[in-house]
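Working notes, structure below.
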Amino acid sequence: MGTLRDLQYALQEKVEELRQRDALIDELELELDQKDELIQRLQNELDKYRSVIRPATAQQVQAQQNNLVLQPDQQRSKRQAISAEPTAFDISELCHVTLPFYPKSPQSKELIKEAILDNDFMKNLELSQIQEIVDCMYPVDYGKDACIIKEGDVGSLVFVMEEGKVEVTKEGMKLCTMGPGKVFGELAILYNCTRTATVKKLKALE
C-alpha cells in the first residue's frame with residue numbers, strides 16, 4: 001500500500017499529463033483554425049478567378065475579327081457594355097491558367113478599372129487581379145430595348161457599362177437606372193446564384 005507521498009506524486013503526474021493533453025489540444029485547435037483560414041483564402045481566390053476567366057475559342061475570336069472588319073463604324077457607335085465570362089476549373093490549375101487578352105483603347109481600360117474600384121463587391125481585389133479582369137474583358141453590343149440580364153437566369157457574365165443607360169428591375173419593380181462606368185451582373189458570379197434582377201437597355205433619347 002502506497003504512502004501519502006506516493007499518492008501525492010502519482011496525483012501530480014496525472015495533473016501534469018492532463019496539462020500536456022490540454023496543451024496538445026490547444027495546439028491542434030490552433031492548427032485547425034489556421035487551416036480553416038487557408039481554405040477560406042483559397043476559396044476566395046477561386047471565386048475571384050471564376051468571376052473573370054473565360055477561355056477564348058478560335059470561333060469567338062474569328063467572329064470578333066469579322067465584326068471589326070465588316071462593321072467598324074457600327075462597333076464604335078453601338079458599343080453598350082463590356083463583359084467577362086467565367087468557367088469552372090480545379091484550384092490546382094490556377095497557376096497554369098492563361099487568361100485571354102482582348103485589345104482595347106486606354107479610355108476603355110481606365111473606364112473598366114474605375115468601375116471595378118467603384119463596386120462594393122470587387123473594389124477589394126488586388127490591383128494585379130483588376131488588371132487581369134481589364135485585359136480579358138471584351139466588347140458586347142445590345143440593340144434598343146434589349147434584355148441584357150433576366151432575373152432568375154443562371155449568370156455567366158459580368159458587365160461594365162461603357163455607353164448608354166440600363167434600367168434595373170426586380171419582380172417588375174424598378175430599382176434604379178445605371179449609366180457608363182458601372183458594373184452589374186457580378187452578384188450571380190461571386191455568390192454562385194441565379195440573377196437577382198433584370199437589366200434592360202433603355203432607348204436612346206431622340
- Hey, among the residues in region 105-145 that are of a type in the set (Asp, Glu) and free of Cβ contacts under 8 Å to residues at least 24 places away in the same chain, which one's nearest to Gly164 (Cα to Cα)? Glu110
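Need a quick list: helices (runs of 4 or more DSSP H) entirely within region 28-140 having at least 3 residues that are modelled with pLDDT of 80 or more and not basic (Lys, Arg). Steps first, please.
Numbers: elements: 58-70, 72-78, 106-117, 127-136.
Ranges flagged: 106-117, 127-136.
Looking only at residues in region 165-185 that are assigned to a strand (DSSP E or B) and not hydrophobic (A, V, I, L, M, F, W, C), which one is most open to solvent (accessible area, probe 1.4 Å)?
Step one: filter region 165-185 for residues assigned to a strand (DSSP E or B), giving 166-170, 173-178, 183-184.
Remaining after also requiring not hydrophobic (A, V, I, L, M, F, W, C): 167, 169-170, 174, 177.
Details: Glu167: 57, Thr169: 30, Lys170: 82, Lys174: 124, Thr177: 65 Å².
Step by step, filter region 165-185, then rank; the result is Lys174.
Could you list, in sequence order, all residues of region 122-137 that are farther than 19 Å from Gly179 by Cβ and open to solvent by 20 Å² or more (accessible area, probe 1.4 Å)? Working first, answer last.
From region 122-137, those farther than 19 Å from Gly179 by Cβ are 124-136; that's our starting set.
Answer for region 122-137, where residues must be farther than 19 Å from Gly179 by Cβ and open to solvent by 20 Å² or more (accessible area, probe 1.4 Å): Asn124, Leu125, Glu126, Leu127, Ser128, Gln131, Glu132, Asp135.
Evaluate the following for Ala188: is it farther than 22 Å from Leu46 by Cα and within 18 Å of the chain's Cα centre (by Cα)? Spell out the reasoning first.
On the way: farther than 22 Å from Leu46 by Cα: no; within 18 Å of the chain's Cα centre (by Cα): yes.
In short, no.
If I go through region 150-195 residue by residue, how many of them are in contact with an Asp or Glu (Cβ under 7 Å, 6 or more places away or on another chain) and modelled with pLDDT of 90 or more? Break it down into steps so the answer makes sense when it comes.
We begin by selecting, within region 150-195, every residue in contact with an Asp or Glu (Cβ under 7 Å, 6 or more places away or on another chain); these are 156-158, 170, 174, 177, 180-181, 190, 194-195.
With the extra rule that they be modelled with pLDDT of 90 or more, the set shrinks to 158, 170, 174, 177, 180-181, 194-195.
Of the residues in region 150-195, 8 are in contact with an Asp or Glu (Cβ under 7 Å, 6 or more places away or on another chain) and modelled with pLDDT of 90 or more.
The values are calculated or read from the model by the stated rules, or taken from the named source; none is laboratory data. Everything quoted here is computed from the prediction, not taken from an experiment. Reconstructed Cβ throughout: ideal geometry from the backbone, glycine too, with neighbour counts over all protein chains shown. Keep in mind that these areas ignore ligands, DNA and RNA; they rest on the heavy atoms of the full protein, side chains included. Shrake-Rupley method; radii C 1.70, N 1.55, O 1.52, S 1.80 Å.
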